[in-house]
1. Tally Lys/Arg at +1 and Asp/Glu at -1 over every other residue whose Cβ is under 13 Å from the Cβ of S82; what's the total?
2. When the helices in the chain are scored as -39500 (n - 2.57) per DSSP H run of 4 or longer and the sum is shared across all residues, what 222 nm value do you end up with, to the nearest 500 deg cm²/dmol?
3. Return the carbon/sulfur percentage of the accessible area of segment 1-75, one whole number, probe 1.4 Å, all protein chains in place.
4. Angle, helix 67-79 long axis vs. longest principal axis of the chain, Cα atoms, 0 to 90°, nearest 10?
5. Taking the chain as a Gaussian network, where each spring joins two C-alpha atoms under 10 Å apart, which residue of L39, L73, L12 fluctuates the most?
6. Using θ = phi - 60° and the Karplus relation 6.51 cos²θ - 1.76 cosθ + 1.60, list the HN-Hα couplings for segment 47-55 in order, rounded to whole Hz, with x at every Gly or Pro.
7. So if we plug the beta-carbon distance of E35 and T124 into 1/(1 + (r/R0)^6) with R0 = 30 Å, what FRET efficiency do we get, rounded to 0.05?
8. Could you please tell me the mean projected area of the C-alpha convex hull for the chain, averaged over all directions and given in square nanometres to one decimal?
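The values are calculated or read from the model by the stated rules, or taken from the named source; none is laboratory data. Only a predicted model underlies this, so the values are computations on that prediction, with no experimental measurement involved. Here the Cβ is made from the backbone with ideal geometry for all residues, glycine too, and neighbour counts use every protein chain on show. Protein only, heavy atoms only, side chains kept; ligands, DNA and RNA dropped before computing areas. Shrake-Rupley method; radii C 1.70, N 1.55, O 1.52, S 1.80 Å.
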Amino acid sequence: MVFCATPPYDGLLNNYYKHPADYCFKLPDHLIMEEGALLEPLSYGVAAFQRSDVRLASEVLIMGGGLIGLATLIVGETIGASKVTVIDKKQDRLDIANSYGAQNVELNNNCNTAEAVQEHMGYTPDKVIDCACSSD
């Protein structure tokens with residue numbers, strides 16, 4: 001399998017890129033390119049909630065507050081999860097998650113997620129969705 005922008009292959013930040021038509025989808029006229037670009041990370045959130053069978057009033061923990069984690073948070077709020085908690089190491093990400101409706105945002109500097117869940121959340125989540133990726 002070949003992924004664009006994963007070495008040794010060049011990315012999509014080119015003027016032109018040849019791609020199989022089966023993998024392409026024409027955006028509706030009312031969507032701008034920036035909105036279309038957000039459909040890919042949003043699809044991760046939708047798929048995560050479909051696979052985990054989250055239901056109305058579920059309590060969900062999202063590990064990672066980057067783009068994928070925030071998109072997953074928005075999906076969780078939209079489908080009616082009663083509590084959505086985001087755990088991340090970076091406070092700025094947690095602030096954004098809080099502004100998007102995360103019920104309970106906890107900073108986890110020492111990466112001990114189990115400890116953070118027990119000490120700070122006040123509930124045991126029904127589902128945990130891992131959206132964390134860190135190189136440090």
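1. Numbers: positive: R55, K83, K127; negative: E59, E77, D126.
Net local charge, S82 excluded: 0.
2. Theoretical 222 nm ellipticity from helices: -9500 deg cm²/dmol.
3. On the way: 3610 of 5840 Å².
C and S fraction of accessible area: 62 percent.
4. 70
5. L12
6. Going residue by residue, I get 5, 4, 6, 5, 5, 8, 6, 6, 10 Hz, with x marking Gly and Pro.
7. On the way: r = 36 Å, r/R0 = 1.21.
According to the calculation, E is roughly 0.25.
8. 10.6
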